[in-house]
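Shown next, in structure tokens, is the structure this report addresses.
The values are calculated or read from the model by the stated rules, or taken from the named source; none is laboratory data. Computed from a predicted model, the values in this text were never measured in an experiment. FYI the Cβ positions are ideal-geometry reconstructions off the backbone, even for glycines, and counts take in every protein chain you see. Ligands, DNA and RNA are stripped out before the accessible areas are found, and what is left, the full protein with its side chains, is counted by its heavy atoms. Shrake-Rupley method; radii C 1.70, N 1.55, O 1.52, S 1.80 Å.
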Amino acid sequence: MKKLELKVRTRKLAVDEMQARVKEIENLQGTSHITIQEMQDKETKLTEQQFKVNNNREFDSITKEVEHVKGERAALEERLRTASVSEENLKASLERLTAELAEAQSALADKQKELESLTGDHNVELKKFIAMRLKVIADLDDTLEAEYERIRTFHREATVAIRRDSCSGCYSAIPSQRIMEMKYNREKMYTCENCGRILVTEDVADEVEAIVEEA
Ligand SMILES: [Zn+2]
């Protein structure tokens, strides 16, 4: 929950910052369009003036002025080019971050809903299970939790027991060698090769059921 809140907060900050930068670039693009036009007009005007001058000193001074304006225009055009490249990059990152933010926000909303159901006037049994679930998840390793949540997007029951040597989620047979292996590697997570659900051996499932009943 705290991790999710943090994730939402940091993504939100990054999205806001990027949006502000995109806006800045758009402002620059908007105003420099006019500035460049003005500079070009000034250049044209100066060049026209140059034909009417009476001496070399005036001619040179206008030449200098034209070069100065041209230099400024080139600098501004270069700034615009750089800005449009970073705008593209920003927009790509912004798209990715916005998606991440939406994902984190919806995950957070789900958790909040679960918590609310704990405080609301709901079924006592249900509250108990949700509390247990939240407690277990809090103790779970991050990568395991992510994997569990990923599987849960495909299957209502992410974890199923092996019954009669078969996955009780999809009923495909599990090799007895593998079941033996599972019994000796209690810490390792096994998934069904057919449906991807997390598998637990029958004795583990019975143990869990007993704990839940006692709670
Ligand atoms: Zn299966």
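Quick check: the distance between the Cα centres of segment 129-178 and segment 189-210, to the nearest angstrom?
Cα centroid of segment 129-178 versus Cα centroid of segment 189-210: 6 Å apart.
Which is the longest run of the chain containing none of the trypsin sites (Lys or Arg not before Pro) found in DSSP loop states (not H, G, I, E, B) with at most 16 other C-beta atoms within 10 Å?
53-155
Output the relative contact order of the chain, whole-number percent, from Cα pairs under 8 angstrom with separation of 6+ residues.
Taking the mean separation of contacting Cα pairs over the length of the chain, I get 17 percent.
Tell me the per residue accessible area of the chain using a 1.4 Å probe; a whole number in Å² is fine.
Roughly 72 Å² per residue, with all protein chains present.
Share of segment 93-178's accessible area from carbon and sulfur, percent, 1.4 Å?
Ligands and nucleic acids excluded, carbon and sulfur reach 55 percent.
Quote the accessible area belonging to MET39 in square angstrom, nearest 10, computed with a 1.4 Å probe and with ligands, DNA and RNA left uncounted.
30 Å²
Which entries in the list LYS2/LYS128; LYS2/LYS23; LYS23/LYS45; LYS7/LYS113; LYS127/LYS183; LYS3/LYS135 go over 24 Å, if you measure between the two C-alpha atoms of each?
LYS2/LYS23; LYS23/LYS45; LYS127/LYS183
Provide Rg over Rh for segment 2-109; use the alpha carbon set for both Rg and the Kirkwood Rh (inverse mean inverse pair distance).
On the Cα set of segment 2-109, Rg over Rh gives 1.35.
Please name which of ILE162, ILE36, THR201 has its Cα lying farthest along the dipole of the chain towards the positive end, using unit charges on Cβ (Lys, Arg +1; Asp, Glu -1) and the Cα centre as origin.
Comparing the listed Cα positions along the dipole, ILE36 ranks first.
Given contacts defined as C-alpha pairs under 8 Å and at least six residues apart, what's the relative contact order of segment 26-94, whole-number percent?
37 percent
For segment 142-214, what D do you get in µm² per second when you plug the Kirkwood radius from alpha-carbon pairs into Stokes-Einstein at 10 °C and 1.306 mPa s?
Translational diffusion coefficient: 126 µm²/s.
Long-range amide H contacts for TYR190: which residues qualify at under 5 Å (H placed 1.01 Å from N, peptide plane, sequence gap of 5 or more or a different chain)?
Excluding prolines and chain starts, which carry no amide H, the hits are LEU199.
Per residue of the chain, what 222 nm ellipticity follows from adding -39500 (n - 2.57) for every DSSP H run with n ≥ 4, rounded to the nearest 500?
-27500 deg cm²/dmol
Quick one: dipole size for segment 142-214, taken about the Cα centre, charges +1 on Lys/Arg Cβ and -1 on Asp/Glu Cβ, in debye to the nearest 20.
For segment 142-214, the charge dipole is close to 420 debye.
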